[in-house]
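Participant: Can you read through this structure? Questions will come right after.
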Amino acid sequence: MGRPARALLDAGALRHNLGEVKRRAPRARVMAIVKASGYGHGLAWVARTLADADAFGVASVEEGMTLRAAGVTRPICLLAGFFEDSELDLLSRHRLSPVVHHADQVHALETAQVEAPLSIWLKLDTGMHRIGFAPEAFDDVLARLRACAAVGEIRAMTHFANADAAADAATRAQIEAFRRHADDRGLETSLANSAGVLAWPESHADWVRPGIMLYGGSPLLGKSAEALDLKPVMTLTTALIAVHRRRKGEAVGYGGDYRCPEDMPVGVAAIGYGDGYPRHAPAGTPVLVNGRRVSLIGRVSMDMIMLDLRTQPEAKVGDPLVLWGEGLSVDEIAARAGTISYELLCRVAERVPRVVI
Ligand SMILES: *Cc1c(COP(=O)(O)O)cnc(C)c1O
């Protein structure tokens, strides 16, 4: 069997969450966002399981080509565009559709010689201030791209900065700016990430671009995934590899930060930051042992964590643990560790075997 750390993957949950996207945005087509190796779940597995998605969104040509090699025939969007002019030939040959967000890229397209014209997504910066053209520049850029032999179909996209906050004025302003500058140009349009799908129905437009909600994470502040009818796709599991009786006053782990307040059972489990479990998870972070909550104690090591087993004195070597997933939301663990579910999921290390259940 070997080391017991595993990321269990639930295909039914992934499909259920896609169903939730379609239920909430019934008129939109779905670009399933699968960048960062399907948010850590495995690019090819996610794409195969989501065969009902209308398109896929990735971060690089390499990810796009991985999908094509896995037999994906649907449109694939490169969400951060292309990085070098020399990529254009590959994009054309593999039918990868880049986001075009910068004047240098427009220039590259104007001079490019490609096998077949590229479908592109023209990116408007409506307030995120990361990438994209200013709304006022949009019509000029659109005219230039329409004149390019290397450019086929053009669609328009923007991205929200604050859609996780309900009724946020900045999101409303982004939607209005996009409407003003991208609607009525005969283009298909896309605004909504997961938070847009769930909280901003007026942003659904022609295409929605859900990521985290497909994997069962909540994109909304103060709303649990469960309350949003989303199911966890990944359950990170391992097992107890030691149980010790410690004495009152004994220090546990690196730095000796944790001191046993009384004589108590302490468990050791085979998972650590080398697997992607967050090193900054503090004492008190919940872990399920045999389905019941116990608390992390001491510092997270590379390969191991320690647990306060006072509420589970019967727990023994070999008993199963859940770090997040079924029964323990990844959002809760992320909040404890001062991060977001996205980071925890896409950081699950390669050494953790993905096991489809
Ligand atoms: C990552 C990404 C998404 C998906 O965002 P979620 O919050 O995970 O739904 C959508 N659009 C773009 C441009 C992205 O980069």
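Participant: Going by average Cβ neighbours within 10 Å, how do the peptides 249-261, 22-34, 184-196 rank, with the highest at the top?
Facilitator: Details: 249-261: 14.1, 22-34: 19.4, 184-196: 20.9.
The packing order, highest mean first, is 184-196, 22-34, 249-261.
Participant: Right, another one. Sort out for me the Cα centre separation of the range 203-282 from the range 1-70, rounded to whole Å.
Facilitator: Cα centroid of the range 203-282 versus Cα centroid of the range 1-70: 22 Å apart.
Participant: Please list, in chain and number order, the residues 5+ apart from R293 or on another chain whose amide H is under 5 Å from its amide H, with Hs placed from the backbone.
Facilitator: Hits under the 5 Å cutoff: none.
Participant: Same structure, new question: Can you divide the C-alpha Rg of the range 234-356 by 2.2 N^0.38 Å and report the result to two decimal places? Let's see the in-between values first.
Facilitator: Numbers: Rg = 13.6 Å, N = 123, 2.2 N^0.38 = 13.7 Å.
Output field value: 0.99.
Participant: Distance from the Cα centre of the range 166-188 to that of the range 325-349, in angstrom?
Facilitator: Spelled out, the Cα-based centre of one part sits 31 Å from the other.
Participant: What nm value, rounded to one decimal, do you get for the distance between I241 and H16 when each label is placed 7 Å out toward the C-beta?
Facilitator: Going by the 7 Å Cα→Cβ label model, 3.2 nm.
Participant: Right, something else. Mind checking Rg over Rh on the range 11-215, alpha carbons, Kirkwood formula for Rh?
Facilitator: Details: Rg = 16.2 Å, Rh = 17.1 Å.
For the range 11-215, the value is 0.95.
Participant: Something else: Return the sequence-ordered ³J(HN,Hα) values of the range 70-85 in whole Hz as given by the Karplus equation 6.51 cos²θ - 1.76 cosθ + 1.60 applied to θ = phi - 60°, using x for Gly and Pro.
Facilitator: 7, x, 6, 10, 5, x, 10, 9, 8, 5, 9, x, 9, 10, 9, 4
Participant: Another question, then. Per residue of the range 139-148, what does 6.51 cos²θ - 1.76 cosθ + 1.60 with θ = phi - 60° give for ³J(HN,Hα)? Whole Hz please, x for Gly and Pro, Karplus curve as stated.
Facilitator: So the J values, rounded to whole Hz, are 4, 5, 4, 4, 4, 5, 5, 5, 8, 7.
Participant: Report the label-to-label distance for F83 and D140 in nanometres (one decimal), using points 7 Å from each Cα along the Cα→Cβ vector.
Facilitator: Those two pseudo-labels are separated by 2.9 nm.
Participant: Right, another one. Per residue, how many Å² of accessible area does the chain show with a 1.4 Å probe? Intermediate results must be reported in sequence, preceding the final value.
Facilitator: On the way: 15750 Å² over 357 residues.
Result: 44 Å² of accessible area for each residue.
Participant: With θ set to phi - 60°, apply the Karplus curve 6.51 cos²θ - 1.76 cosθ + 1.60 along the range 90-98 and write out the HN-Hα couplings as whole Hz, x wherever there is a Gly or Pro.
Facilitator: 4, 4, 5, 5, 9, 6, 9, 9, x
Participant: Tally Lys and Arg at +1 and Asp and Glu at -1 over the other residues with C-beta under 12 Å from the C-beta of R48: what net charge comes out?
Facilitator: Numbers: positive: R15, R74; negative: D52.
Spelling it out: positives minus negatives among the neighbours equals +1.
Participant: Run the numbers for R279 and M302: contour at 0.36 nm per residue of separation, minus the present Cα-Cα distance, in nm. Working shown, then result.
Facilitator: Values: separation 23, 0.36 × 23 = 8.28 nm, distance 0.81 nm.
Contour length minus the Cα-Cα distance gives 7.5 nm.
Participant: Tell me which aspartates and glutamates have Cα within less than 13 Å of K223's Cα, excluding those fewer than 8 residues away on the same chain?
Facilitator: Straight-distance partners of K223: D164, D331, E332.
Participant: Evaluate the relative contact order of the range 254-349 (contact order divided by residue number), counting alpha-carbon pairs under 8 angstrom at least 6 apart; express in whole percent.
Facilitator: Normalised by residue count, the contact order of the range 254-349 is 31 percent.
Participant: Between H94 and A147, what is 0.36 nm times their sequence separation minus the Cα-Cα distance? Round to one decimal in nm. Intermediate values should be presented prior to the final figure.
Facilitator: Working: separation 53, 0.36 × 53 = 19.08 nm, distance 2.25 nm.
Fully extending the segment from H94 to A147 adds 16.8 nm.
Participant: For the chain, what D do you get in µm² per second when you plug the Kirkwood radius from alpha-carbon pairs into Stokes-Einstein at 25 °C and 0.890 mPa s?
Facilitator: Working: Rh = 22.0 Å.
Roughly 112 µm²/s, to the nearest whole number.
Participant: Another question, then. List the lysines whose Cα lies under 22 Å from the Cα of K316, skipping any in the same chain that are fewer than 8 positions away.
Facilitator: Filter leaves K248.
Participant: Only Cα pairs under 8 Å and at least 6 apart count here; give the relative contact order of the chain as a rounded whole percent.
Facilitator: Working: 798 pairs, mean separation 64.4, N = 357.
Worked out over the chain, it gives 18 percent.
Participant: Comparing G71, G40, G274, which has the greatest mean-square fluctuation in the GNM of the chain with Cα pairs linked when under 10 Å apart?
Facilitator: Of G71, G40, G274, the most mobile in the Gaussian network model is G71.
Participant: Between T339 and A70, what is the FRET efficiency for a Förster distance of 30 Å, r being their Cβ-Cβ separation, to the nearest 0.05?
Facilitator: On the way: r = 30 Å, r/R0 = 0.98.
So, using R0 = 30 Å, E works out to roughly 0.50.
Participant: A further question follows. If you take the square roots of the eigenvalues of the alpha-carbon gyration tensor of the range 35-76 and sort them as a ≥ b ≥ c, do you get rounded (a/c under 1.5), prolate (a/b over b/c) or oblate?
Facilitator: Details: a/c = 1.43, a/b = 1.11, b/c = 1.29.
Cα axes put the range 35-76 in the rounded bin.
Participant: Which residues in the range 293-310 place their backbone N less than 19 Å from a point set 7 Å from the Cα of E262 along the Cα-to-Cβ direction?
Facilitator: So the set is 293-298, 307-310.
Participant: Moving on to the next point. Percent of accessible area on the chain owned by carbon and sulfur, 1.4 Å probe? Spell out each step's value before the answer.
Facilitator: Working: 7860 of 15750 Å².
So the carbon and sulfur contribution to the accessible surface is 50 percent.
Participant: Here's a follow-up. From the residues V268, V208, G222, which one has its Cα farthest along the dipole of the range 199-269 in the positive direction, the dipole being from +1 and -1 charges on Cβ of Lys/Arg and Asp/Glu about the Cα centre?
Facilitator: The one lying farthest along the dipole's positive direction is V268.
The values are calculated or read from the model by the stated rules, or taken from the named source; none is laboratory data. Here the structure is a predicted model, which means the values were calculated and not measured. We place every Cβ from the backbone using ideal geometry, glycine too, and count neighbours over all the protein chains shown. Areas reflect the complete protein model, heavy atoms only, side chains present, ligands, DNA and RNA absent. Shrake-Rupley method; radii C 1.70, N 1.55, O 1.52, S 1.80 Å.
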